[in-house]
Amino acid sequence: LRTTDGGRHWRDVSPAGAAGLEFRDIEAFDRRRAVALSIGEGEASRVFRTDDGGATWTESFRNTDARAFYDCLTFFDHRHGLAMSDPVDGRFRVLSTSDGGRNWRVLPDAGMPEAQPGEAGFAASGQCLVSAGDRDVWLATGGGATARVLHSGDRGLTWKASASPIPAGDPARGVFGLAFRDRTHGIAVGGDYRAGQESADAASVTGDGGRSWRRADTPPPAYRSGVTWLPHSGRSALAVGPTGTDVTRDGGRSWRTVDTGSYDTVDCAPDGGCWAAGEKGRVARLRQGPAVG
């Protein structure tokens, strides 16, 4: 869907022939250019690119490896970007583009740590792979014994893994979303996505680029799948999930619920507009006031 009037009206700009595909991540460079990822096993994982605001799309990548399942993508600038797949042959697989998503290649995995048994990414919010600056990128995991965040400082060639205090040890638990306001300060959110399951430590923070993570002093009260920094704030961020939206004003250490609507992902534009999307086609635009600041 696309809006050009602040969300008052929306138009379906889905790629032709894409019925049945599950789009979970879209990265827009301006009002005309965007790249979208559909997720799933084998050929369900595809990348599309538009240069005319969604009027037409070109399929630029289709996964032909039945073992791969792509979850998220991110861009450092309008040319350089990455997409990530669940582990293949024991390591997360990473795609790279240097021409704005027109062409993709699988990066060598020699610099990727071995995955834990059962470890994977979550295609929940398009935020399991995020970047900051022109070279730093982080990858969020779950499902293994430990929820981890992998960091690369060379656009995906080599990675180092660090443990997150967000609970894991189950296919439904782990880190679901990441947000970095610069190359050192980041927030991770997640938990257990199953309805009614407790997620006692649904958020953690880092101040050293992801080398170490610590629990939020007052975390969100339940599982959260999406997170974003508020533009121009420095220390304020939003986290969303099926049971509500929370805000932090101290860089992720403490959170307070400000809305009870169900949303899966959230993002903010440079002009300060923040948007969330969720179940049953729900889309919302944040009205900032004293509650979120």
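Residue-wise test of (1) within 15 Å of the chain's Cα centre (by Cα); (2) closer than 25 Å to TYR70 by Cα; (3) not aromatic (Phe, Trp, Tyr).
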{"site": "THR158", "(1), (2), (3)": "no, yes, yes"}
{"site": "GLY196", "(1), (2), (3)": "no, no, yes"}
{"site": "ALA203", "(1), (2), (3)": "yes, yes, yes"}
{"site": "ARG215", "(1), (2), (3)": "no, no, yes"}
For the range 200-220 the number of residues that are surrounded by 17 or more Cβ atoms within 10 Å (Cβ to Cβ) and of a type in the set (S, T, N, Q) is 2
Kindly indicate which of ASP77, ASP86, ASP52 is touching a strand residue (DSSP E or B) at 6+ places or on another chain (Cβ under 6 Å), of a type outside the set (Val, Ile, Thr) and either in contact (Cβ under 8 Å) with a residue 12 or more places away in the chain or in a strand (DSSP E or B) (or both). ASP86
Only one of VAL106, VAL130 that is aliphatic (A, V, I, L, M) and in contact (Cβ under 8 Å) with a residue 24 or more places away in the chain: VAL130
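One line per residue, one yes/no per condition, for (1) modelled with pLDDT of 95 or more; (2) closer than 28 Å to ASP30 by Cβ; (3) assigned by TED's automatic domain parsing to the domain that holds ALA124:
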site	(1), (2), (3)
PRO219	yes, no, yes
TYR223	yes, no, yes
VAL240	yes, yes, yes
VAL247	yes, no, yes
VAL258	yes, no, yes
ASP264	yes, yes, yes
GLY272	no, yes, yes
GLY293	no, no, yes
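Listed here are the residues, each with its yes/no results for (1) buried (at least 18 other Cβ atoms within 10 Å of the Cβ); (2) within 13 Å of the chain's Cα centre (by Cα); (3) outside any loop (DSSP other than H, G, I, E, B).
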residue: GLN127; (1), (2), (3): yes, yes, no
residue: VAL130; (1), (2), (3): yes, yes, yes
residue: ALA145; (1), (2), (3): no, no, no
residue: VAL149; (1), (2), (3): yes, yes, yes
residue: ASP154; (1), (2), (3): no, no, no
residue: ALA161; (1), (2), (3): yes, no, yes
residue: ILE166; (1), (2), (3): yes, no, no
residue: ASP170; (1), (2), (3): no, no, no
Please indicate, with yes or no, whether at least one residue in the range 58-66 is aromatic (Phe, Trp, Tyr) and not assigned by TED's automatic domain parsing to the domain that holds TRP159. yes
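Yes/no matrix, rows are residues, columns are (1) surrounded by 15 or more Cβ atoms within 10 Å (Cβ to Cβ); (2) among the charged types (D, E, K, R); (3) touching a helix residue (DSSP H, G or I) at 6+ places or on another chain (Cβ under 7 Å); (4) closer than 21 Å to SER14 by Cα:
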| residue | (1), (2), (3), (4) |
| --- | --- |
| ALA44 | yes, no, no, yes |
| PHE48 | yes, no, no, yes |
| ASP51 | yes, yes, no, yes |
| SER60 | yes, no, no, yes |
| CYS72 | yes, no, no, yes |
| ASP89 | no, yes, no, no |
| VAL94 | yes, no, no, no |
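The values are calculated or read from the model by the stated rules, or taken from the named source; none is laboratory data. As the structure is a prediction and not an experimental result, all values here were calculated from the model. With ideal geometry, Cβ positions are generated from the backbone for all residues, glycine too; neighbour counts draw on all protein chains shown.
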